[in-house]
Every structure is written in C-alpha cells, then in structure tokens.
C-alpha cells in the first residue's frame, strides 16, 4: 500500500479480522441481531455506522485537547447524536422504505458500543487522520460481519438477495422450490443471527489459536 | 473368526490413526471389548453410559411400534372419516393390521433411519476431529427424534434439524454430558421455528393429509389439542382412546399406557428420576386446576379464544398432547435436568406448570411441553445453585448454634 504507511494500514486491516469489533470484542451485537434479516438493511446499516464513526472520530480527535475529561462522555454523545440525526434524516428523505425496516435501530446507533468505544479508546488520544482510519477500519469490520450474517439469513430465510429472488419462486414452486425445498423461517428470527455470529467466532478462533483466551 | 475378532483386528490395525474411534465405537457397541484393565483396583459398575442409554431405548421401543401402527391407523381412519364413517378404535379388529403396519412402517422407519444416520455421521465426524472416542449420547436422541415429529415431515428437513441439533445443541458445548439443552428437543424446536407449516396446524399429523388438502380426497389431520384450541372437539374419540393412544399426534407420544409402562421401567431400573416425573405431573395438574377455576369463576366467557383449552378438565391435560411423553423421556434426561433432589422437584413442577400455560396461551400452536422443558433446561443449574446454597446456609447456621 503506497497510500498508507504500514502502521496506518494496520488500523484498517486489524478490525477486519483479528480485532473485529463484533466477533472479538463482542460489541454492537444488538443491531447485528436485529437488522440482519435482509442484506440491504445490513449494508445500509454498515454504511451508516461508517459515516458516523468515521466523521465522529475525526471530530472528537480534533477536539481532544479542549474537551474537559469530566464531561467528555456528554460531548461524545452530542457528536454521535448529531451525526445519527443526519443519517436518519437522509434515510427518511431518500430511502423511506428502508428507514421503516431499520426503524429505531438507526437512532440506536447512538448507543452502539463500538462508537463510544472507539471515541474513548482511540480518538481521544490520536491525531485526526489516524482516528479517521481507525473509524473506517472498525466500521468496516462491523459491516463485514453484518453483511455475512445478512447474506445467509436472507438467502436461507427468504430465498432472496437484496430482495431479488435467487432460489426460485416459493409460491409458484419454481427453481429449487420445485424439489421440495422450503425457506427456513428460523433464519428470519434474531436468535439465528446470534447463532451465525457464534459460528463465525468458532471458525475464526479455530483458524487463529492466538485468539482463544482462557 | 467372528465379527468380534475381525473388529478387534481392525482396531489393532488402525490404532493411533484418525479412524480408530470409529471402529472402537462399533466394537464396544456390539460386544464387550477384548482388552481388560491390568493392575490396581478398579471400580466395576454395570450401569455405564451405554447401558443407561440402552435401557432408555428399550423403554422407547413400545412407543415406536405403537407409533408405526398408529400412523397407519390414523391414515385409514381419516380416509373413512372423510367419507362419513366414524371409526371405533379396537385393538385387534382394526388397529393391529397388516395394512396399518405397511403404511406406518413406510412413513416412520425412514424417520428413524434418517435420524440415526445423519446424527451418527455428525458424531463420527466430531469424534475424528477431536481424536476422541465416539460418544454414545446420540443413541437416545436418535430414537427420541422420530417419536416427537409429525409423520409426514420431509426427510431433508429432519436431516438439517438433526445436524443443527447435534452441532449447536451438543457439540459446541463439548459433547455428551456437557450440553445445556436437550438435543432432541433442540431438534424439534429448530423444526418448529424453521418450518412451522410442517410442524403445526391441522394437516401434518396424519399421513398424506397435506398432499390431499384441497382435493376431493381431502382428509383431516388435526390433533385433539388443535381441535380444542378452535373451541371444537374431534368426533368419535373418548377418553379411553386418548389413554390408549388411538389419536393423531406426533409419532410416538400418543399412547399414554405405553408411556406409563416405559416410565415404570425407567423408575424400576433407576434410570429415570421419579421425582421429576411426579413433580411434572403435579405441576401440570396445578396449572390445569387454575385454568378450570378461572373458567368456573366466569372470568372468561365462551367467546374467549382461550375458552376451549381452559375448559378442558384438569386431569385430561395429562392424556392429550405430549406432556406425559415429555415428563417421562425428556425432562428426566440426567444431563440437562437438575441434579439435586430438591431441585428436581422444583424443576419438574415448573416444567408441568409452564407446559400447560404455554399450551393454553400460545396463539400459534396449542402445545408447549418442548418449550417448557427447554426453558427449564436453561434454569436447571440455577435451581441447583440455590438449593445447594440454601443447604450450605442451613448447615452454617447449625454450626453456629452448636459452637455458640
């Protein structure tokens, strides 16, 4: 990577795998369970968090020397809230149906532990450019898991991807449905998302033994 | 050179390789192994895990055989009923017949084969990966699974569910003896949530009722609970039918008589806990009485959608649905139940109590035994914890009084 130094590149690549916010730090589970029944919603949620965390990290980093540490949580909350409101309004204006599906979970980005966690752990102690990369890296790690979970849940639960039928028509019995296949209703329920995340954690830890803690 | 020595030689040949556990499992399942322990004192006990499992399977076999005949009987009874003839069930004239057996065996045996085949493959794979001996845990689960599903469940669904149940319900926790949830019920719960159209409703409980739906040959496939939940009842069925099991339902859970015989066998051999069985039934009766009280106090009227099930006489809850089967074969699973004697009473009572509560209030499906048992599986260690802590506290108190 010519664009980024080795140290900076690690900020992006680390959270994608060995320090993933969902599977390793187990943060942001709530929204990962709630909105991943559809791939589209997962993708949009990932982008929304990327926007909030990327910009939020820069803003906090810029203000890091002037925020009194006693009220820093409140200041962080205000920054997140402002950014989330922008996301919410944009979604309502340009993708109303989608904002219906995501419902309160856009607003709940404010309480997403990943965001406050990165503000506290990284942006308060690092320069804006590195904070920006860290924000993008962590939200990418979050989005990757959301998209993997969303892919399996939508494919096996509804037989579609991004709302497009890929396995045939369940009512007309075409495609694989002609063979007697049926959609798995359990996939559309949040417990299955938890199980898929669990399976990802299982695979990840059996590939990289260093991640197993006692 | 019999099969036994052949297996022994194979075991010697593959010793130390990855496949060794597979041969070992077959060998010890069929025969007493050739090796004996050398030196030192060893505790000899006949009631090892494999023996325990075999006893449960023996207790289940009557239910399976009855289930095979009943699958056929319900099929022909429903065809008769569709043409207006209400059948009187009678054991020898129209129940134990060749026709019933053929239809039943044709639908039930594939369930048994798929359940064991898929489950044991998963067990073997995990044993080879872990380099462990194959665990016996699936022997009972594999027999329970075909008994607690509707007869016409598609076999591929059963396979998916068995893989899920064995991997997520058992292997992720470390295999037999470490699981939190009963694997057989995990499999049923998976089927119930994943493919609700094949696990509930008024079509799935009788062979061919689904295929015939909407045609001129349509037959009913409703269970008694389903009928009660609709505030109606099934024609031509009296209490003796319910007790002997000539009613539609999951494959093996209909005959209360055979389940009671199985229960006595399990209690006599000390494999099943009588405390859990008794307390589950007490819990179910208590909840049934409460609902009867609600009806007789006229807190809810006949227009209520819960009226049908609440109005069922409390003792009748034991002979409809699968509460008895659950109490005897599922709740008593020694791995997932409470371990302390006092804990067993609490655990069983709550299973019965919650079962009937879910049965009445569940809007989608008028049965709650499997959900109640899974719920209490989760709480069993907590119950044990408090029973033990209570015991410790009482003894500490006694100690203080003595020393003071």
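The values are calculated or read from the model by the stated rules, or taken from the named source; none is laboratory data. Just so it is clear, the structure is predicted and the values come from calculations on it, not from any experiment. As a convention, Cβ positions derive from the backbone with ideal geometry for all residues, glycine included, and neighbour counts pool all protein chains shown.
When A:59, A:52, A:44 are checked against the criterion of being modelled with pLDDT of 85 or more and more than 15 Å from the chain's Cα centre (by Cα), A:59 stands alone in meeting it.
Every residue, every condition in (1) at pLDDT 90 or above; (2) in a loop (DSSP other than H, G, I, E, B); (3) under 22 Å from the mean Cα position of the chain (by Cα); (4) surrounded by fewer than 17 Cβ atoms within 10 Å (Cβ to Cβ), yes or no:
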residue	(1), (2), (3), (4)
B:337	no, yes, yes, no
B:349	yes, no, yes, no
B:353	yes, no, yes, no
B:356	no, no, yes, no
B:359	no, no, yes, no
B:363	no, yes, no, yes
B:380	yes, no, yes, no
B:389	yes, no, no, yes
B:395	yes, no, no, yes
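Within the range A:178-188, being without any contact (Cβ under 8 Å) to a residue 40 or more places away in the chain and within 14 Å of residue A:157 (Cβ to Cβ) holds for A:181, A:182, A:183, A:184, A:185, A:186. Of the set (1) modelled with pLDDT under 85; (2) surrounded by fewer than 20 Cβ atoms within 10 Å (Cβ to Cβ); (3) touching a helix residue (DSSP H, G or I) at 6+ places or on another chain (Cβ under 8 Å); (4) assigned to a helix (DSSP H, G or I), all apply to residue B:127 but (2). Residues in the range A:168-193 that are surrounded by 14 or more Cβ atoms within 10 Å (Cβ to Cβ) and over 21 Å from residue B:153 (Cβ atoms) were compared, and the one that is nearest to the other protein chains (Cβ to nearest Cβ) is A:190. If I filter the range A:201-214 down to residues being more than 16 Å from residue B:164 (Cβ to Cβ) and in contact with a helix residue (DSSP H, G or I) (Cβ under 8 Å, 6 or more places away or on another chain), which single residue comes out as farthest from the other protein chains (Cβ to nearest Cβ)? The qualifying residue farthest from the other protein chains (Cβ to nearest Cβ) is A:211. Residue selection: residue B:320 fails the criterion of being surrounded by 17 or more Cβ atoms within 10 Å (Cβ to Cβ), in the same structural domain as residue B:108 (by TED's automatic domain parsing) and outside any helix (DSSP H, G or I). Among the residues that make up the range B:153-173, is at least one of them in contact (Cβ under 8 Å) with a residue 40 or more places away in the chain, more than 14 Å from every other protein chain (Cβ to nearest Cβ) and surrounded by fewer than 24 Cβ atoms within 10 Å (Cβ to Cβ)? No: the range B:153-173 contains no residue that is in contact (Cβ under 8 Å) with a residue 40 or more places away in the chain, more than 14 Å from every other protein chain (Cβ to nearest Cβ) and surrounded by fewer than 24 Cβ atoms within 10 Å (Cβ to Cβ).
Yes/no per residue for (1) at pLDDT 75 or above; (2) in a helix (DSSP H, G or I); (3) more than 22 Å from the chain's Cα centre (by Cα):
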{"position": "B:26", "(1), (2), (3)": "no, yes, yes"}
{"position": "B:29", "(1), (2), (3)": "no, yes, yes"}
{"position": "B:41", "(1), (2), (3)": "no, no, yes"}
{"position": "B:56", "(1), (2), (3)": "yes, yes, no"}
{"position": "B:77", "(1), (2), (3)": "yes, yes, yes"}
{"position": "B:93", "(1), (2), (3)": "no, yes, yes"}
{"position": "B:99", "(1), (2), (3)": "yes, yes, yes"}
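When the residues of the range B:174-208 are filtered to those that are within 14 Å of chain A (Cβ to nearest Cβ) and outside any helix (DSSP H, G or I), the one that is farthest from residue B:101 (Cα to Cα) is B:174.
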